[in-house]
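Take a look at the structure below.
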Amino acid sequence: MKHLFSIVGISFFVMISPFSGPILANGFNNPPVGAAYLGRGGGNYVYGEDGGAMSYNPANLLELERSLNASLTLGLVDAQFTGPAGRTGNTRDNDKWLPNLFAVYPLADKNLTLGLGISTPHGQSTVWDVDGPFAGAFPHNAEMLTLNFNPTLAGKINEKLSYGVGADIFWSELSFEQVFPWSAVTGLPSTPPGMAEASGDGTGVGANIGLLYQFDERQRIGLSYRSSVKVDYEGDFNLSGIPAPLGGLVASESSFGSEIEFPNRVGAGYGIQLNEKLRVGADLEWIEYSSYDVLPVDLGVNNAAGLFPPSIPQNWDDIVNLFFGGDYQLDETFTLRAGYAFLETPIPDLTLAPTIPDADRHVLSLGLGVHLDDIQVDLGYAYSIYDDIDITSNVHPAGVGSYDLESHLLELTLNVTF
């Protein structure tokens, strides 16, 4: 009986992590913070447009005026699945919204600048039909919300070299729902399925540091490091439809616990002002996803009953992302932006699952900035071209098949200086 419990438990928990969806997933990551940065694509580690700069290189805050800015990202994402024996399915509730808020406050001599960001660096959600192609094998609803409270200080070391330091204070909440196939436990096809639901939240703290070096009036380089942040989740687990013969072995309510370590990240950039109107930049980003090798699972008494495994292998890979882009100043009011990015996926085919279908992709972006006295409005758009996803071997047989992904990102930022 315990052996059967473990088989069903594995089918339930395989790749529920990271409980996030494919807006521009790139592992745990949400899309770029700020419409100007999204539209330009590259040069974000060396050029700061507004308070969103602290999400890339906090040293860039030193060049900004006192300001408040808010941005909102709309992601329109569609994932289609085709599996063996004609199994097909589409995600639903495909519109995702991500808000961000930043404040910048230079001190009197402008050699020090304070900043505070409240952003959503990781998260999103994936929703499939309850009775879709993964019913009983994977969660049909998996969601993560992560907020980063990011106090920051930027200053000058000398006339050419600036620095920025900050804390990353995470609060994260995750939840999932899945049809639970009790027939696989009882061995009786007539046993009706139940529903398994879990939710929990937790906090974690990390740090970031950035440097900006100005070679001359035209050229600069930037370097940034963000440490990993470990979040321990605690919450509740509910299991319904328990067959009568198992009533004494399985609890309908239990505790829920897990742990996710958001990865170390190193970013470097180069920018050059080609003439009075045009500047371009390139960024390289390394993310240490190899630290995410297993997902621990603690369901209290239900783990003790042998219903679920204590951990699930993930075996993600480190990745390198490349970004290129620039902006063209038409006049004092309008700025045009364009960019290109190549983003790797850290998820190997063996552990890829419908909770976060992801692939290497090429991203094309456009942007427009409008400057009106003390108000700046930026609009950014990005379209992803995904590599084919054909899974021929997976830790769960239900994960074998192909995915067709499409995503559009639209972001609006309002920045007010005072």
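Rank 156, 230, 277 by mean-square fluctuation in a GNM of the chain with C-alpha springs under 10 angstrom and give only the top-ranked residue.
Result for the chain, Cα springs under 10 Å: 277 fluctuates most.
Points 7 angstrom from Cα along the Cβ direction at residue 418 and residue 171: gap in nanometres?
2.4 nm
Just subtract the alpha-carbon distance of residue 370 and residue 400 from 0.36 nm times their residue separation and send over the number in nm, one decimal.
Contour length minus the Cα-Cα distance gives 6.1 nm.
Once you mark the GluC sites (Glu not before Pro) that are in a DSSP loop and have at most 15 other Cβ atoms within 10 Å, what is the longest gap between them in the chain?
Looking at the chain, 66-158 is the longest stretch - no exposed GluC sites (Glu not before Pro) with at most 15 other Cβ atoms within 10 Å.
Once the dipole of the chain is set up with Lys and Arg at +1 and Asp and Glu at -1 on Cβ about the Cα centre, which of 260, 353, 144 lies farthest towards its positive end?
Sorting the options by dipole projection puts first 260.
If the only charges are +1 at each Lys and Arg Cβ and -1 at each Asp and Glu Cβ, what is the size of the charge dipole of the chain around the Cα centre, to the nearest 20 debye?
360 debye
How many Lys pairs in the chain lie less than 28 angstrom apart by Cα atoms, where the lysines are 8 or more positions apart or on different chains?
Taking the chain as the scope, the lysine pair count is 6.
What percent does the relative contact order of the chain come to when contacts are Cα pairs within less than 8 Å and at least six residues apart?
Rounded, it is 21 percent for the chain.
Please report, in Å, the Rg and the Dmax of the chain, where both are computed over Cα atoms only.
In Å, with Rg to one decimal and Dmax whole: 23.1, 78.
Which one of 219, 380, 51 has its Cα pushed farthest toward the positive end of the charge dipole of the chain, where Lys and Arg give +1 and Asp and Glu give -1 at the Cβ?
The residue sitting farthest along the positive end of the dipole is 219.
So how do 212, 414, 299 line up by other beta-carbon neighbours within 10 Å, fewest first?
414, 299, 212
What is the log10 of I(q)/I(0) for the stretch 80-220, computed with the Debye formula using one identical point scatterer on each Cα and no solvent, at q = 0.21 Å⁻¹?
Scattering profile of the stretch 80-220, log10 relative to I(0): -1.24.
Quick one: putting +1 on the C-beta of Lys and Arg, -1 on the C-beta of Asp and Glu, what dipole do you get for the stretch 267-404 around its Cα centre, in Debye to the nearest 20?
100 debye
Using a simple spin-label model with points 7 Å from Cα along the Cα→Cβ vector, what separation in nm is obtained for residue 276 and residue 109?
Between residue 276 and residue 109, the simple spin-label model gives 3.4 nm.
By how many degrees, 0 to 90 and rounded to 10, does the Cα axis of helix 2-13 deviate from the longest principal axis of the chain?
That works out to roughly 30 degrees.
Using a Gaussian network for the chain with springs between C-alpha atoms less than 10 Å apart, which of these wobbles most: 31, 192, 346?
Judging by the Gaussian network model, the answer is 192.
Every number in this text was worked out from the coordinates using simple rules, so none of it is lab data. Fair warning: this is a prediction, and the values are worked out from it, not measured in the lab. Reconstructed Cβ throughout: ideal geometry from the backbone, glycine too, with neighbour counts over all protein chains shown.
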